[in-house]
Amino acid sequence: MPEILKLEGVCRDFTSGVFRTHTVRAVDHVTFSLERGRTFGLVGNSGCGKTTLSRMITRVLRPSAGRILFEGEDISAMTGAQGKTYHRQVQMVFQNPEASLDPTMRVRDSLLEALAIHQIGSGKEERMEKVLSTLTQVGLPEYLLSRYPHQISGGEGQRLVICRALLLEPEVLLLDEPTSMLDVSVQASVMNLLKELQQRLGLTYLYITHDIELLGWISHTIGVMQKGRLVEMGPREQV
């Protein structure tokens, strides 16, 4: 399968202190690639560097060394329209849906805002049609659009966050513990939804978690991180 996203020797250092500085290497020469339409599972204990890695992929942080390539282009060199397009193509889904949705906005307005920011659709009517269509894709009823985030369940909230990401027609979803705050039965329904969406839309996933059993179910390839390093990687059956 062709690769869509590749990390080459990526490092990230954090420095603290004023008079006596101390440098910690949070990510240490990590190399792996995401194959188009497949899932790479990244597992490791808290503090091993998984989330720092995802923040570099989303360009919140810059690597201290190494390169991150999207379709062969170094994302650190992307500016202007190219950078904006990248942010559409690579979307993040966090573990806490409430923190991902503006508590002061109705669900409808949060979804429409995402389309307006990225100038998708020629007007509110066309954007609303896209919202309704995508809402159906993630298995949610239309009446939720008039509610605020605190008025919906955790499972509904996570589906809405996935819906908002899909509105931008991404190629890659970075899934950072997306079911860890949900009840077990709700976790299963969200995981099934992610699998269905991948098959239907050809999405590529980077799934970040501490639960290796879960990765055995959803991932094609698994990488194990420990103290900033990728210490093991291979097909799910092998790992």
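Things worth noting here:
- Residue match in region 183-201 (condition: closer than 27 Å to Lys6 by Cβ, touching a His at 6+ places or on another chain (Cβ under 9 Å) and crowded, with 17+ Cβ neighbours inside 10 Å): no
- Residues in region 81-112 that are open to solvent by less than 60 Å² (accessible area, probe 1.4 Å), over 22 Å from Met128 (Cα atoms) and outside any strand (DSSP E or B): 3 in all.
- For region 54-71, taking the residues that are touching a residue at least 60 places away in the same chain (Cβ under 8 Å) and out of contact with any Lys or Arg (no Cβ under 6 Å at 6 or more places or on another chain), the one that is farthest from Val30 (Cα to Cα) is identified as Glu71.
- Of all residues in region 26-50 being farther than 15 Å from Glu232 by Cα and touching a helix residue (DSSP H, G or I) at 6+ places or on another chain (Cβ under 9 Å), the one that is least open to solvent (accessible area, probe 1.4 Å): Thr39
- Residues in region 90-130 that are touching a residue at least 40 places away in the same chain (Cβ under 8 Å), out of contact with any strand residue (DSSP E or B) (no Cβ under 9 Å at 6 or more places or on another chain), within 28 Å of Arg59 (Cβ to Cβ) and of a type outside the set (Ser, Thr, Tyr): 13 in all.
- Subset of region 113-130 [under 16 Å from Pro170 (Cα atoms), modelled with pLDDT under 95 and either acidic (Asp, Glu) or surrounded by 15 or more Cβ atoms within 10 Å (Cβ to Cβ) (or both)]: Ala114, Leu115, His118, Ile120, Gly121
Here is a yes/no grid of residues against (1) at pLDDT below 90; (2) among the charged types (D, E, K, R):
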| residue | (1), (2) |
| --- | --- |
| Glu8 | no, yes |
| Ser16 | yes, no |
| His22 | yes, no |
| Val30 | no, no |
| Gly37 | no, no |
| Phe40 | no, no |
| Gly66 | no, no |
| Tyr86 | no, no |
| Pro97 | yes, no |
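- Scanning region 131-155 for residues that are in a helix (DSSP H, G or I), buried (at least 20 other Cβ atoms within 10 Å of the Cβ) and in contact (Cβ under 8 Å) with a residue 40 or more places away in the chain gives a single hit, Pro149.
- Any hit, region 158-167, residues being among the small types (Gly, Ala, Ser) and open to solvent by less than 10 Å² (accessible area, probe 1.4 Å): yes
- Flag for Thr23 being polar (S, T, N, Q), open to solvent by 50 Å² or more (accessible area, probe 1.4 Å), in contact with an Asp or Glu (Cβ under 8 Å, 6 or more places away or on another chain) and within 22 Å of Gly234 (Cα to Cα): no
- Of all residues in region 1-38, exactly one satisfies the criterion of being in contact (Cβ under 8 Å) with a residue 24 or more places away in the chain and among the aromatic types (Phe, Trp, Tyr), namely Phe32.
The values are calculated or read from the model by the stated rules, or taken from the named source; none is laboratory data. Just so we're clear, the structure is a prediction, and the values are computed from it rather than from any experiment. We place every Cβ from the backbone using ideal geometry, glycine too, and count neighbours over all the protein chains shown. These accessible areas exclude ligands, DNA and RNA; they are computed on the full protein's heavy atoms, side chains included. Shrake-Rupley method; radii C 1.70, N 1.55, O 1.52, S 1.80 Å.
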